[in-house]
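All remarks here apply to the structure that follows.
The values are calculated or read from the model by the stated rules, or taken from the named source; none is laboratory data. Owing to the predicted nature of the structure, the values given are computational and were not obtained by experimental measurement. As a convention, Cβ positions derive from the backbone with ideal geometry for all residues, glycine included, and neighbour counts pool all protein chains shown.
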Amino acid sequence: MYKFRRIFVTLKLDNRDVDTLRYAAMISRHAEAERVYFAHVAEPDEIPLSIREEYPQTIQGLDETVQEKMEAYVNEHFLSDDGPEVFYDVARGSVVLELLELIRHHDIDLVISGRAARKKESGGVPERLARKAPCSVLIVPHGSTSDLKSMLVPVDFHNEINLAFEEALEISRHIEQSRIVCLYVYRVPMGYYKAGKTYEEFAEIMRGHAQRAYEQFLEKFDTSGVTIRPHFELAKGSTADAIDQVLKKQASDLVVIGARGRRKGAGLLLASTTERMIWRTGVPLMAVKKKGEGMSFLDALLKL
């Protein structure tokens with residue numbers, strides 16, 4: 001969290017922005033951000049061509065009007081006397097491409113984007129930003145509060161790169177009384193019966209293995225001053241389903257999850273679990289990436 005010096009907040013200019021701005025204010029304060037950029041992209045078809053041709057005055061001064069509206073939202077729900085420098089960007093065109101260009105131009109460390117409270121399908125702007133932005137992306141569902149007492153962090157004990165867990169540790173150090181629930185999803189292998197064990201017996205074996213792996217996992221990190229609680233969840237379906245079940249059973253204010261896929265060169269590809277969680281979860285979710293990951297692909301994309 002200490003490295004989030006430049007934060008980029010996307011605004012839709014509707015009531016969903018209130019929750020996004022309050023969450024952004026909390027994050028920027030604890031991260032001691034130096035600059036926060038607020039951006040809105042107006043798609044070309046927001047005003048039909050026939051209307052623009054007949055009433056050209058409808059688009060005259062549009063950028064100024066949009067910025068004034070952004071400033072009003074920011075002044076009411078974000079600004080404080082000791083806050084970071086604030087900047088505004090207004091653009092027109094393809095929303096995702098324009099936002100990605102601004103993110104690259106400003107050398108952003110963290111993108112914050114709001115979305116509807118519950119989505120039933122993928123493909124929205126926040127998900128596409130999480131897939132393509134060369135930095136971490138925080139997605140704030142409408143209705144989220146700016147409290148941050150408990151973070152759920154799904155981890156892979158066998159993955160050498162644990163950026164999500166490292167990020168959660170940094171956040172917890174900056175926010176007093178916050179805690180981390182370290183979630184490991186395990187499953188019973190299909191051939192369990194060949195070992196002469198019942199499903200339940202082998203599930204206990206897998207849980208014991210997970211407990212030992214967790215203890216070895218923690219040895220890699222400086223966890224001083226941070227409250228961490230392990231949670232082991234037996235998956236009977238997908239990993240995303242298991243994470244959902246945990247979220248339903250216990251209160252969490254933020255999910256911190258790695259964004260990278262396992263394949264080489266997957267800098268702009270979300271891990272399948274992360275992609276599903278982005279549009280399914282009802283709490284804020286931070287998809288953590290190493291800054292600059294996938295930049296060469298992004299450069300090529302923006303040149304198209």
Practice problem: Of all residues in region 59-111, count the ones that are within 25 Å of Lys132 (Cβ to Cβ) and without any contact (Cβ under 8 Å) to a residue 12 or more places away in the chain. | Solution: 1
Quiz item: List the pairs whose first member sits in region 30-55 and is at pLDDT below 95, whose second member is among the charged types (D, E, K, R) and assigned to a helix (DSSP H, G or I), and whose Cβ atoms are under 6 Å apart, counting only residues at least 6 apart or on separate chains?
Solution: Val41/Glu98
Quiz prompt | Residue list for region 93-118, restricted to those being out of contact with any helix residue (DSSP H, G or I) (no Cβ under 7 Å at 6 or more places or on another chain), of a type in the set (Val, Ile, Thr) and either at positive phi or not in a loop (DSSP other than H, G, I, E, B) (or both) | solution = Ile103
Practice problem: Taking Met295 as meeting all but one of (1) closer than 11 Å to Lys132 by Cα; (2) touching a helix residue (DSSP H, G or I) at 6+ places or on another chain (Cβ under 9 Å); (3) at pLDDT 80 or above, write down the number of the exception. | Solution: (3)
Quiz prompt | Residue that is modelled with the highest pLDDT [pool: residues in region 266-292 that are over 24 Å from Lys249 (Cβ atoms) and buried (at least 19 other Cβ atoms within 10 Å of the Cβ)] | solution = Lys289
Exercise. Taking His142 as meeting all but one of (1) modelled with pLDDT under 95; (2) over 16 Å from the mean Cα position of the chain (by Cα), write down the number of the exception.
Key: (2)
Exercise. With the condition kept exactly as written, say whether any residue in region 83-92 is part of a helix (DSSP H, G or I), at negative phi and not β-branched (Val, Ile, Thr).
Key: no
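When you look at Leu129, is it modelled with pLDDT of 95 or more, within 15 Å of the chain's Cα centre (by Cα) and either surrounded by 20 or more Cβ atoms within 10 Å (Cβ to Cβ) or not aromatic (Phe, Trp, Tyr) (or both), yes or no?
Considered against the rule, which asks whether it is modelled with pLDDT of 95 or more, within 15 Å of the chain's Cα centre (by Cα) and either surrounded by 20 or more Cβ atoms within 10 Å (Cβ to Cβ) or not aromatic (Phe, Trp, Tyr) (or both), Leu129 comes out as no.
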Self-check item: Scope region 214-247; condition touching a strand residue (DSSP E or B) at 6+ places or on another chain (Cβ under 6 Å) and of a type in the set (Asp, Glu); matching residues
Solution: Glu233
Quiz prompt | Residues located in region 6-24, provided they are more than 19 Å from Pro84 (Cα to Cα) and among the aliphatic types (A, V, I, L, M) | solution = Leu13
Quiz item: If Ala24 satisfies every condition in (1) more than 13 Å from Asp89 (Cβ to Cβ); (2) in contact with a strand residue (DSSP E or B) (Cβ under 6 Å, 6 or more places away or on another chain); (3) surrounded by fewer than 19 Cβ atoms within 10 Å (Cβ to Cβ); (4) of a type in the set (A, V, I, L, M) but one, which is the exception?
Solution: (3)
Self-check item: Condition broken by Ile228, with the remaining ones in (1) modelled with pLDDT of 95 or more; (2) more than 27 Å from Met26 (Cβ to Cβ) satisfied
Solution: (2)
Self-check item: First in region 197-209 and of a type outside the set (Phe, Trp, Tyr), second anywhere and assigned to a helix (DSSP H, G or I), Cβ under 8 Å, 6 or more apart
Solution: Lys197/Ile205
Self-check item: Ala240 being modelled with pLDDT of 90 or more, of a type in the set (Gly, Ala, Ser), surrounded by fewer than 18 Cβ atoms within 10 Å (Cβ to Cβ) and not in a strand (DSSP E or B)
Solution: no
Practice problem: Scan region 171-211 for residues that are surrounded by 11 or more Cβ atoms within 10 Å (Cβ to Cβ), among the basic types (Lys, Arg) and in a helix (DSSP H, G or I) and jot them down. | Solution: Arg173, Arg207
Exercise. Pick out the one residue from Ala251, Ala240, Ala235 that is farther than 30 Å from His30 by Cα, small (Gly, Ala, Ser) and out of contact with any Gly (no Cβ under 9 Å at 6 or more places or on another chain).
Key: Ala235
Quiz item: Of Phe221, Phe217, which residue is crowded, with 16+ Cβ neighbours inside 10 Å, in contact with a Phe, Trp or Tyr (Cβ under 9 Å, 6 or more places away or on another chain) and at pLDDT 90 or above?
Solution: Phe217
